[in-house]
Number of protein chains: 2
Amino acid sequence: MTSAAAPSSPIDDFFAVVPAGGSGTRLWPLSRGGEPKFLHDLVGSGMSLLQATEHRLRPLAGPDGVILVTGEQHVAACRAQLPGLSESAVLAEPSPRESMAAIGLAAAVLEKRHGDVVIGSFAADHVIHGTRAFDLAVREAVAAARAGYVTTVGIAASRPSVAFGYVRSGEPLGVEGAPHTLHVRGFTEKPDAATARLYLASGEYRWNAGMFVSRTSVLLGHLAEQRPELHDSLRLVADAWDTSRRAAVLADVWPGLEKIAIDHAVAEPVAAAGGVAVVPGTFGWDDVGDYNSLAVLLPSDDDSGAKVLGNPADVLRIDSAGSVVVPASGRLVTVLGLDDVVVVDTPDALLVTTRARAQQVKNVVEAVRALGREDLL
Amino acid sequence: MTSAAAPSSPIDDFFAVVPAGGSGTRLWPLSRGGEPKFLHDLVGSGMSLLQATEHRLRPLAGPDGVILVTGEQHVAACRAQLPGLSESAVLAEPSPRESMAAIGLAAAVLEKRHGDVVIGSFAADHVIHGTRAFDLAVREAVAAARAGYVTTVGIAASRPSVAFGYVRSGEPLGVEGAPHTLHVRGFTEKPDAATARLYLASGEYRWNAGMFVSRTSVLLGHLAEQRPELHDSLRLVADAWDTSRRAAVLADVWPGLEKIAIDHAVAEPVAAAGGVAVVPGTFGWDDVGDYNSLAVLLPSDDDSGAKVLGNPADVLRIDSAGSVVVPASGRLVTVLGLDDVVVVDTPDALLVTTRARAQQVKNVVEAVRALGREDLL
């Protein structure tokens, strides 16, 4: 079996699909429509989230095995950050159509190019700590995928988060090369706090990190059953992709594609029918959805638990424990006597809020839009 | 008596001295060493505090009766704001020597020029509401001053403030033209909160607004008794002021002048000897010492009590009652979910604090200095 190759070798016939979309509204004003979350270095690692994602996947998928799916308007910025990507490794979407269209397009294009291969989808804007644990989980997921399962990686929940969906596991799968993999009993939406505590106590629930590993034939077969129109349209686009007809077919077909997440289109109904598996992931993971989760990920600047994303010399704090400051304008940011405050300082817009309100930053974005200040979004 | 002239006429033989000094540390980063508080329009009146002060005093002192005492480095900015001031109406100090030197210099120069006249000193960076009440108080203070008293105007305390000094009044003075004026029993430093409440309850204490009205001969006579060296030095400077020897004498004498406030040098010891009177002032007054007092003075922007000093279109607030925002960089300032927060946004420095911490902004200034960022002070 190819999955028995040495862990340091790329996995045979495996492609990593990276959907790079979403504006990261709750990380405004750092994240903007024109410069979304995945283009930023949100944890001070020296790489953007997109670069870190590609860096993590290249050893698994090989030098030509990482495929980026992103909006046309982001192609130039993505190529600037990832100059090693080949021409054919970037699939540009004319407009956003959510994750099923993005991943389905990649599956259909790759199957057209390479036959029935295994793909794994990994968001461009998540943070992962623990490369070896990640590698092992993906390799095990590929083994389960080769056996015909749509396989996800379920993250060990370290707290009763209400910001994530959960995947509920069942009996062991019993597939060679996937000794830890379990059947999936179902997926859940983001729970309330009490339910999240029950999930954590049960030991059956893990965070759904949106990683799906599957043979292209399996994924597209499920899509053909669940969403036949979307499947047929994506096949049409894929057939034309590497030809002179691409632009014409895209113009014709793309605007009419159904907008739906892969979770709803395939993962949930197929799980109900027993066709989804989960590999327990033991690596650190976060989707960095808001400034509070950003705060958890950043190293503490001092004993007060204060966090800085940027140059600490640009921040002066007095009596401000647990504060999160993003000095992104070059100005000196001074904070006096406010705990758990969030200050995000960019050249044209400033946000001052609290970690407890981090999820509501999207309301600020809506208000900025209502002010007619789309130039800031 | 000249004080019986119509209230709309300038007062005969009266000069208004305006010491324009102090950097307004607690209003950083709006107020800076190079652009101190008095040069700013802090209440959205359309005039800087300096311009409003001159505007208020000119009807009382006449077109040539307002005399500005300020640091050499501020002369150009002051003249730009007050182009009507004559050459001789600005007295430039080579270095700051506190209020006794500034007012004593003006008294000595004016006595040299005009003989024994009445002067009143009025800080350049205070806010006053109620012009007619102010006029009447000053006219009454001039009447008491002509009778030989150093006369202050005591402001009716509207709250038990711990930010101001107080003047304690005694028996009626009994001087013609000054029917409301009282003897002063003494001055106090800024009290603690409990003492301030006792002061307010007693009815005997008023805020010391630093306004002192006196005949030049009386003021300089007291100074000669209390601080003979300072008196003699100021006379030397004044004798040379309108001559070619000014620069030489200033260079020789000024650096050695004692740094002392007029309160300590004259007002307190002379009050103890019965030589000080107080006119009860009923106009609104504040020294705008910090962002909390600024908040009290600004009109509310909406029902939440939020205040903006600047263009309200540059501020977006959600769930932020009582907040004070100074958008002075042209950027959009957004605040989410913080009550009573203070956000001061300038092109090179940002301050985020609370109204309760307003007095401690000076600690931020000290920390900025310790960082070696004198360029921001």
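The values are calculated or read from the model by the stated rules, or taken from the named source; none is laboratory data. Worth saying up front: this structure is predicted, and the values here are computed from it rather than measured. Ideal geometry is used to build each Cβ from the backbone, glycine not excepted, and the neighbour counts take in all protein chains shown. The area values use the complete protein model at the heavy-atom level, side chains included, leaving out ligands, DNA and RNA. Shrake-Rupley method; radii C 1.70, N 1.55, O 1.52, S 1.80 Å.
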How much area per residue is accessible in the protein assembly as shown when the probe is 1.4 Å and only protein heavy atoms are counted (Å²)? 39 Å²
The correct ranking of B:Ser320, A:Ser45, B:Ser158, B:Ser329 by accessible area at 1.4 Å, largest first, is B:Ser158, A:Ser45, B:Ser329, B:Ser320
Could you please state, rounded to a whole Å, how far the C-alpha centre of segment B:252-268 is from the C-alpha centre of segment A:290-352? 44 Å
Cα long-axis angle, helix A:193-202 against chain A (0 to 90 degrees, to the nearest 10): 50 degrees
Residue separation between B:Asp239 and B:Ala251 times 0.36 nm, minus their alpha-carbon distance, gives in nm 2.9 nm
Per residue of segment B:8-19, what does 6.51 cos²θ - 1.76 cosθ + 1.60 with θ = phi - 60° give for ³J(HN,Hα)? Whole Hz please, x for Gly and Pro, Karplus curve as stated. 7, 8, x, 7, 4, 6, 10, 10, 9, 9, 10, x
How large is log10 I(q)/I(0) at q = 0.07, 0.11, 0.15 Å⁻¹ when the Debye formula is applied to the Cα atoms of chain B, each weighted equally and without solvent? -0.32, -0.80, -1.39
Would you mind working out the magnitude of the charge dipole of chain B relative to its Cα centre, with +1 at each Lys and Arg C-beta and -1 at each Asp and Glu C-beta, to the nearest 20 Debye? 200 debye
Taking H as built 1.01 Å from N, whose amide H comes closer than 5 Å to the amide H of A:Asp41, not counting residues under 5 places away? A:Leu49
Protein heavy-atom accessible area occluded, B/A pair - total, 1.4 Å probe, Å²: 2800 Å²
Of A:Glu35, A:Glu229, B:Glu93, which has the most accessible area and how do the rest follow, probe 1.4 Å? A:Glu229, A:Glu35, B:Glu93
Tell me, what HN-Hα J-couplings in whole Hz come from the Karplus equation 6.51 cos²θ - 1.76 cosθ + 1.60 at θ = phi - 60° for each residue of segment A:82-89, using x for Gly and Pro? 10, x, x, 5, 6, 3, 7, 7
Starting at the first residue of segment B:326-340, write each ³J(HN,Hα) from the Karplus equation 6.51 cos²θ - 1.76 cosθ + 1.60 with θ = phi - 60°, in whole Hz, x for Gly and Pro. 10, x, 10, 10, x, 7, 7, 9, 10, 10, 10, x, 10, 8, 6
Scan chain B for the residue whose Cβ is closest to the axis carrying it onto chain A, then write down that distance in whole angstrom. B:Val352, 3
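Considering only the protein assembly as shown, what is the antiparallel percent among its DSSP beta bridges, to the nearest 5?
Once the DSSP bridges in the protein assembly as shown are tallied, antiparallel ones form about 45 percent.
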Helix-only mean residue ellipticity at 222 nm, chain B, DSSP H runs n ≥ 4 weighted -39,500 (n - 2.57), per residue, nearest 500. What is it? -9500 deg cm²/dmol
Give the long-range amide H neighbours of A:Leu173: residues separated by 5 or more places, or on another chain, with amide H under 5 Å away, using H modelled in the peptide plane at 1.01 Å from N. A:Thr181, A:Leu182, A:His183
Using R₀ = 30 Å, calculate the FRET efficiency as 1/(1 + (r/R₀)^6) where r is the Cβ-Cβ separation of B:Ala356 and B:Ala272; round to 0.05. 0.25
Who wins for biggest fluctuation among B:Leu234, B:Leu50, B:Leu336 in a Gaussian network model of chain B, springs between alpha carbons below 10 Å? B:Leu336
Tilt, helix A:49-61 to longest principal axis of chain A (alpha-carbon atoms), in degrees rounded to tens, equals 30 degrees
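Would you tell me the mean number of C-beta atoms belonging to other protein chains that fall within 10 Å of each C-beta in B:323-336, as a whole number?
5
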Using a 10 angstrom cutoff on alpha carbons, build the Gaussian network for chain B and name the most mobile of B:Leu230, B:Leu219, B:Leu250. B:Leu250
Rounded to the nearest 10 Å², the accessible area of A:Thr188 using a 1.4 Å probe with every protein chain kept is 40 Å²
At B:Ala272, label 7 Å along Cα→Cβ: distances to the other copies, nm, ascending? 9.2
Could you work out how far apart the two model spin labels at A:Gln73 and A:Thr188 are, taking each label as a point 7 Å from the Cα in the direction of the beta carbon, and quote it in nm? 3.7 nm
List the distances, in nm to one decimal, from the label point of B:Glu374 to the label points of the same position in every other copy, shortest first, placing each label point 7 Å from Cα along the Cα-to-Cβ direction. 5.0
Can you figure out the FRET efficiency of B:Asp375 with A:Asn311, using R₀ = 22 Å and their beta-carbon distance, to the nearest 0.05? 0.85
Starting from the Cα of A:Glu171, step 7 Å along the direction of its Cβ; do the same at B:Ser9; then give the gap between the two resulting points in nm. 11.1 nm
Report, to the nearest 10°, how far helix B:216-226 tilts away from the longest principal axis of the Cα atoms in chain B, using its own Cα long axis and a range of 0 to 90°. 90 degrees
Of all DSSP beta bridges in segment B:242-377, antiparallel share, percent nearest 5: 35 percent
Taking R0 as 30 Å, what FRET efficiency do you get between B:Glu258 and B:Ser88 from their Cβ-Cβ distance, rounded to the nearest 0.05? 0.70
For a quick check, take a GNM of chain B with Cα springs below 10 Å and name the residue from B:Ile67, B:Ile103, B:Ile260 with the largest mean-square fluctuation. B:Ile260
Per-residue SASA entry for B:Asp12, accessible area with 1.4 Å probe, Å² rounded to 10: 80 Å²
In peptide B:351-363, how many Cβ atoms from other protein chains are near each Cβ within 10 Å, on average? 4
Leaving ligands, DNA and RNA out of it, rank B:Thr243, A:Thr216 by accessible area with a 1.4 Å probe, largest first. B:Thr243, A:Thr216
State, to one decimal in nm and shortest first, how far the label point of A:Met47 sits from each corresponding label point in the other identical copies (label point: 7 angstrom along Cα-to-Cβ). 6.3
Please report, for the Cα atoms of the protein assembly as shown, the Rg to one decimal and the Dmax as a whole number; what are they, in angstrom? 36.4, 114
per DSSP, antiparallel bridges as share of beta bridges in segment B:299-376, % nearest 5, sits at 35 percent
